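Undergrad: Please read through the structure below; I'll follow up with questions.
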Amino acid sequence: MDENTEKKTWLKRLQYDSWEPEILISGIVIYGLFKIFPYLDEFQLYLENYASDFFRGSVDDNIIALIKVSLVWLIFGFIAHLFLRSFWVAYIGLSYVYKNDIDYKRLKYDKIYFRKLKNQKSITTNIEKLERICSTIFSISILFFMNFLGLIFCIAVIGFGVYLWLQVFPDKSDFSVFNYILQVVLILSVIDYLSSGLLKRIPYFKKIYYPIYKIVSVLTLSPLYRKIYYTFITNHSKWKVFLFLTLFTGITFLAVITMRTGLGNGIQLRPMAYADYVMSPQFYLDEAKDKNSKSFWIPSQKISSQTLEVFVVHTPAFEETNIKPLCDFDKKVNNDSLDINAIRINCLKEFYELRLDDQRVNSDAFYTKSYQTKQDGLKYFIPIDSLNSGRHSLSLYYNFYNDEKDTIYKRLKAKTDFYKETSIQ
């Protein structure tokens, strides 16, 4: 037996026995994927509190939503593989125990039923068909899994790059141009991915696209799973591949949008966020449960006490780029006669501006940590004994300092209402 024949025999044996590691890998991955979801919520909180401006706001929500949807696809793929592989194992067992397949003579059915049974494929044929389906599903699941890892790696590299940029140029934190460039690159990459490399075949443009293709390939770890992708798209008709990838991508983006914004956004008469007469559960501690606030929270929608307790979430990522320049922190701490802790609190109060019924709150603030939400922030105890019963609004503004124009501009972070039940006349 020559070397090539031995290799082919060895490869066939591996292909036949591949179901064992496939089942093992699928089971382990499914178990691990279900465990990841709680950590994603903590990662989102970390991005919101500690990441740069590039990741804060809607960006981190979209990233987490995309990752969660990717995990759901992976779980679905591996569960489908295990389900079909179990039928494959059952057919293998039947073929071993019963060599002659179905014994039609012993059934003694009428001709019409007999024809139905005769149309059934043999066990051997079903085994071969299921083998192809299971192997394909497993390979596609691995492809999506590697796409998921590539996405995480790309996000990490971009985040690290933004972090280094802010360390070198702390006063240049406007990433609007970079966001536009990133969106264009993303759109081109998605089009090329769905079209099985259409952009690589367009005259003249293919040379322009080549540097983008190389950079995106490295950032998304494409060399690790490129072989699976090209094997898949070259062994099926182009329209089937395009339809499959388009449906997959479309469902994914719809799921991300649904997870990100909620199904309630389909209601036409729903008021906009932060508008009057809107009470979002994220602002009320008794309703948020295990959810973390991104701005502030108060105890409840109804306040019966004469003091309003407000917890303003502190975002450490603002400290170097926004809060310290706003209060001239570095200059003040060099003065030995001043209390460093008082400077810190005053700087935070200067940046985080609370307004009660459009009037700035001047109450004392205490730095604390919420063990319920695991967030650091400022705790306010605002006297509201002079307020009348009824609806009142609470707003949080961020004060940003513009060094070039030497001015301060405000940005509304969040707004909600509460109802005061009692009033002292």
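The values are calculated or read from the model by the stated rules, or taken from the named source; none is laboratory data. Everything numeric here is computed off the predicted structure, so don't read it as measured data. Because the Cβ atoms are built from the backbone with ideal geometry, glycine has one as well, and the counts that use them run over all protein chains shown. In case anyone asks, the SASA skips ligands and DNA or RNA and just uses the protein heavy atoms, side chains included. Shrake-Rupley method; radii C 1.70, N 1.55, O 1.52, S 1.80 Å.
Undergrad: Give Glu6, Glu42 a once-over and let me know the one that is farther than 22 Å from Phe76 by Cβ, outside any loop (DSSP other than H, G, I, E, B), at pLDDT 70 or above and open to solvent by 90 Å² or more (accessible area, probe 1.4 Å). Break it down into steps so the answer makes sense when it comes.
TA: Numbers: Glu6 fails: at pLDDT 70 or above.
One residue alone meets the criteria, Glu42.
Undergrad: Just wondering, is there one or more residues in the range 258-265 that are at pLDDT 80 or above, open to solvent by less than 60 Å² (accessible area, probe 1.4 Å) and not in a helix (DSSP H, G or I)?
TA: First, pick out the residues of the range 258-265 that are at pLDDT 80 or above: none.
For the range 258-265, residues at pLDDT 80 or above, open to solvent by less than 60 Å² (accessible area, probe 1.4 Å) and not in a helix (DSSP H, G or I): absent.
Undergrad: If a residue must be open to solvent by 70 Å² or more (accessible area, probe 1.4 Å) and not basic (Lys, Arg), how many such residues does the range 232-254 contain?
TA: Filtering the range 232-254 for residues open to solvent by 70 Å² or more (accessible area, probe 1.4 Å) gives 234-236, 238-240, 242-244, 247, 251, 253-254.
Now drop any that are not not basic (Lys, Arg), which leaves 234-236, 239, 242-244, 247, 251, 253-254.
Selection size over the range 232-254: 11.
Undergrad: Which of the residues spanning the range 216-230 are open to solvent by 40 Å² or more (accessible area, probe 1.4 Å), touching a residue at least 12 places away in the same chain (Cβ under 8 Å) and assigned to a helix (DSSP H, G or I)? Spell out how you get there, then give the answer.
TA: Of the residues in the range 216-230, the ones open to solvent by 40 Å² or more (accessible area, probe 1.4 Å) are 218-219, 221, 223-224, 226-228, 230.
Remaining after also requiring touching a residue at least 12 places away in the same chain (Cβ under 8 Å): 219, 221, 224, 228.
Residues satisfying the conditions are Leu219, Leu224, Ile228.
Undergrad: Right, here's the next one. Which residue pairs have Cβ atoms closer than 9 Å, lie 6 or more positions apart in sequence or on different chains, and pair a first residue in the range 71-82 that is on the phi < 0 side of the Ramachandran plot and without any contact (Cβ under 8 Å) to a residue 40 or more places away in the chain with a second residue that is in a helix (DSSP H, G or I) and open to solvent by less than 20 Å² (accessible area, probe 1.4 Å)?
TA: Here the result reads Phe76/Ser141, each pair linking the range 71-82 to a residue that is in a helix (DSSP H, G or I) and open to solvent by less than 20 Å² (accessible area, probe 1.4 Å).
Undergrad: State which residue pairs qualify: first residue under 16 Å from Ile208 (Cβ atoms) and inside the range 174-189, second residue modelled with pLDDT of 75 or more and outside any helix (DSSP H, G or I) in any location, beta carbons under 6 Å apart, and separation of 6 or more residues or different chains.
TA: none
Undergrad: Just need a number here: residues in the range 338-361 that are without any contact (Cβ under 8 Å) to a residue 12 or more places away in the chain and either in contact with a strand residue (DSSP E or B) (Cβ under 8 Å, 6 or more places away or on another chain) or among the aromatic types (Phe, Trp, Tyr) (or both). Give the steps one after another, and end with the answer.
TA: Filtering the range 338-361 down to residues without any contact (Cβ under 8 Å) to a residue 12 or more places away in the chain leaves 338-342, 359-360.
So of that shortlist, the ones also either in contact with a strand residue (DSSP E or B) (Cβ under 8 Å, 6 or more places away or on another chain) or among the aromatic types (Phe, Trp, Tyr) (or both) come out as 360.
Qualifying residue count, the range 338-361: 1.
Undergrad: Checking the condition over 30 Å from Phe43 (Cβ atoms), touching a helix residue (DSSP H, G or I) at 6+ places or on another chain (Cβ under 7 Å), part of a helix (DSSP H, G or I) and of a type outside the set (Asp, Glu), which residue from Ile127, Ile137, Ile142 passes? Walk me through how you get there before you give the answer.
TA: On the way: Ile137 fails: over 30 Å from Phe43 (Cβ atoms); Ile142 fails: over 30 Å from Phe43 (Cβ atoms).
One residue alone meets the criteria, Ile127.
Undergrad: Please determine whether any residue of the range 164-177 is at pLDDT 75 or above, surrounded by fewer than 16 Cβ atoms within 10 Å (Cβ to Cβ) and among the hydroxyl-bearing types (Ser, Thr, Tyr).
TA: Looking for residues that are at pLDDT 75 or above, surrounded by fewer than 16 Cβ atoms within 10 Å (Cβ to Cβ) and among the hydroxyl-bearing types (Ser, Thr, Tyr), one finds none in the range 164-177, hence no.
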